[in-house]
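One structure is given here, and the rest of the page talks about it.
The values are calculated or read from the model by the stated rules, or taken from the named source; none is laboratory data. Quick caveat, the model's predicted, so the values are computed rather than measured. Quick reminder, even Gly has a Cβ in these numbers, built from the backbone with ideal geometry, and neighbours come from all protein chains shown.
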Amino acid sequence: MNEIKRGTGGDTKLTVLNPVGYPPEIKAKTPAPRLDSLDGKIIYLVDCRFDDSIELLKQVGAWFADNMAGVETRMISLRSTYQIDDPETWKEIAANGDAAIVGVGH
Amino acid sequence: MSTHAIELETEYGVPTMALHTDIFHNVVQSVRQVKGLAEAPHAFVPQPVMGKSAAQLRAYVDGDDPVTGRPFMQEIIEGLTQDQSATSDGALPRTTPRLCEPANEEELHQTFADNHWTDYLPIILPTEERVADMLAHTAGAADTVVGRMQPTHNRGYWQYDVEKVAVNAVMAGCRPEYFPVVLALASSGVSARGSTSSSAAAMVIINGPVRAEIGLNSGIGAMGPYAHANATIGRAYGLLSQNLQGGSVAGTTFMGSQGNNYTYNSITFAENEERSPWQPLHVQKGFAAEASTVSVFYGLRSNSFCLGLRDYWREHVRDMLLGIEPNTPPVFLLDPITARLFAEREGFDTKEKLIHWAWQNATMPSARYFDLQLIQNYIYPRATFGEEPFAAMLAAGDEELIPMFREAEINIVTVGGEANGYWHIHGAHYRGTFSVDDWR
């Protein structure tokens, strides 16, 4: 077994190796253009199906109905769990909606 | 959610807001950075959402973002209508220093603790000499890429080479002859420091000749701190996971709400092949009996245990299986005494026969099964979109008994020293069996 060398707390300097791995490559991305206004627009509320997220999104939809009646909200649930990409849903939103609100998770 | 929101935003051109709960604000920042849009618009509500009434959730919506203190809905509206900035650059460098700044021993121990590079038990400092000793016990070159790992989905895979694994093996106190086993674990790409809020742990089962070669314990106390190889290899798996995946820091790269004591050692032991009435695990998984392997399981949280098998053993085992959370399949860990009771007295002369019995008998009324929150999160969405066997299970009547697990996901391992016939069932997902011999 490797022996721990004690008693070197004074001036004796040790060189040791860094235990941390190599970070992933990150490619910077560009956000979509924003809307001038939400009035008359369709916003998809995207339920990620985790820990009752749809219940919060229902209240976001209710807030728009109460406060910005010109906004149409449409609830949509992911086709599987939140861990899986869902191109079919993204295409549907891009084709039929103007914006999206996705929740809830990290 | 950040990953989905950024995908929708950047690949489909849809202005998108991501909603999160406040406890995850550090995690969200990290995910956005890794996904290339650090400034992706988002807003927070208090944790939790689950279990709250409609009125309570409406109060979240009408209230302020607990992270920024600004009105929640105002942040949503601004996030969809005001220009957003792109990430300025690639942010993280793709390398880490090979060496730490020279310092005395006390200072270095403090540096390792301050950087969250330890499990807060004493470590062996990874000097160049000690790391070289470790490297001498594998044919793999120091710069050979071993694998990549991340704390959970969508956090970004970090990469590591043989030398980085050796550094962590030294820190854990491994003897150099253990190094091929540690490399096999690293090659799995399965993190023993997953970030899941459920606080899952890993489990490692070692098979083949390497067990005797390095003194791994499969007998009395195999799952406890009674053998140097079991203790330090299991610890090395944890340390290498946290350091090679880019951290396991509470609140940022680890979100296990309660934590899990199993993670100190990832329950690392050898199967007692010699006293088992059945094929060893690695042979079941397609390896030759003379091969040396590590099998990795993940998701240990639920556990039940028993002594022997008596007249009502079928009912007792059904009760034990009901104690295992149904989203995580059971692994029977049987002392050889109990393994032989199953095999010789009850006629289960193969593991597969006992697995089939367990699958048939671990059942629950459909309504009760689908009401479990983890089933709601991970199985119900798949069932609603037609994935079998879940769709058929969802179609069952509320009181109809449905299988809690998939037969192919149930495993059995023989371990223990025959001091008595105690045995356990752990809930744990099988993640794969990996060659030790490839790293000799």
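Okay, here's what the table says:
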| item | result |
| --- | --- |
| Residue that is nearest to the chain's Cα centre (by Cα) [pool: residues in segment B:128-138 that are of a type outside the set (Asp, Glu) and farther than 12 Å from B:GLU177 by Cα] | B:VAL131 |
| Out of A:ASP52, A:ASP98, sole residue that is touching a residue at least 60 places away in the same chain (Cβ under 8 Å) and crowded, with 18+ Cβ neighbours inside 10 Å | A:ASP98 |
| Residue ranges of helices (runs of 4 or more DSSP H) in segment B:339-399 with at least 1 members surrounded by 14 or more Cβ atoms within 10 Å (Cβ to Cβ) and touching a residue at least 24 places away in the same chain (Cβ under 8 Å) | B:351-361, B:366-371, B:373-378, B:390-395 |
| Residue check, B:GLU388 out of contact with any helix residue (DSSP H, G or I) (no Cβ under 8 Å at 6 or more places or on another chain) and within 14 Å of chain A (Cβ to nearest Cβ) | yes |
| Close pairs (9 angstrom Cβ cut-off, 6 or more residues apart or separate chains): closer than 16 Å to A:ASN67 by Cβ and among the basic types (Lys, Arg) in segment B:57-75, buried (at least 20 other Cβ atoms within 10 Å of the Cβ) and at pLDDT 95 or above anywhere | B:ARG58/A:GLN59 |
| Checklist (1) over 21 Å from the mean Cα position of the chain (by Cα); (2) touching a residue at least 60 places away in the same chain (Cβ under 8 Å); (3) more than 9 Å from every other protein chain (Cβ to nearest Cβ) applied to B:GLY173, failing item | (3) |
| Any hit, segment A:4-26, residues being facing chain B (nearest Cβ under 7 Å), more than 30 Å from B:GLU129 (Cα to Cα) and at pLDDT below 95 | yes |
| So B:HIS153, is it at pLDDT 95 or above and part of a loop (DSSP other than H, G, I, E, B) | no |
| Strands (runs of 3 or more DSSP E) within segment A:6-106 that include 3 or more residues within 21 Å of B:GLN56 (Cα to Cα) | A:42-47, A:99-103 |
| Residues of segment B:156-170 classified as assigned to a strand (DSSP E or B) and within 7 Å of chain A (Cβ to nearest Cβ), total | 3 |
| B:ALA55 in the same structural domain as B:THR232 (by TED's automatic domain parsing), assigned to a helix (DSSP H, G or I) and not polar (S, T, N, Q) | no |
| Residue match in segment B:342-362 (condition: within 14 Å of chain A (Cβ to nearest Cβ) and either under 30 Å from B:GLY147 (Cα atoms) or not hydroxyl-bearing (Ser, Thr, Tyr) (or both)) | no |
| Cβ-Cβ under 7 Å pairs, at least 6 apart or on other chains, segment B:90-113 side facing chain A (nearest Cβ under 7 Å) and closer than 24 Å to B:ASP161 by Cβ, far side part of a helix (DSSP H, G or I) and modelled with pLDDT of 95 or more | B:CYS100/B:LEU108; B:CYS100/B:THR111 |
| Search result, residues across segment B:3-58 that are over 17 Å from A:LEU45 (Cβ atoms) and of a type in the set (S, T, N, Q) | B:THR3, B:THR10, B:ASN26, B:GLN29, B:SER30, B:GLN33, B:GLN47, B:SER53, B:GLN56 |
| Check on B:ARG314, outside any helix (DSSP H, G or I), in contact with a helix residue (DSSP H, G or I) (Cβ under 9 Å, 6 or more places away or on another chain) and farther than 26 Å from B:THR433 by Cβ | no |
| Output for segment B:44-59, where each listed residue is facing another protein chain (nearest Cβ under 9 Å) and closer than 21 Å to B:GLY251 by Cβ | B:VAL45, B:PRO48, B:VAL49, B:MET50 |
| Segment B:1-43 - residue that is part of a helix (DSSP H, G or I) and acidic (Asp, Glu) and, of those, farthest from the other protein chains (Cβ to nearest Cβ) | B:ASP22 |
| Selection within segment B:256-271 - out of contact with any helix residue (DSSP H, G or I) (no Cβ under 6 Å at 6 or more places or on another chain) and either farther than 17 Å from B:ARG301 by Cβ or assigned to a loop (DSSP other than H, G, I, E, B) (or both) | B:GLY256, B:SER257, B:GLN258, B:GLY259, B:ASN260, B:ILE267 |
| Which numbered condition A:ASP39 fails, given (1) out of contact with any strand residue (DSSP E or B) (no Cβ under 6 Å at 6 or more places or on another chain); (2) of a type in the set (Asp, Glu); (3) within 30 Å of B:LEU374 (Cβ to Cβ); (4) more than 8 Å from every other protein chain (Cβ to nearest Cβ) | (3) |
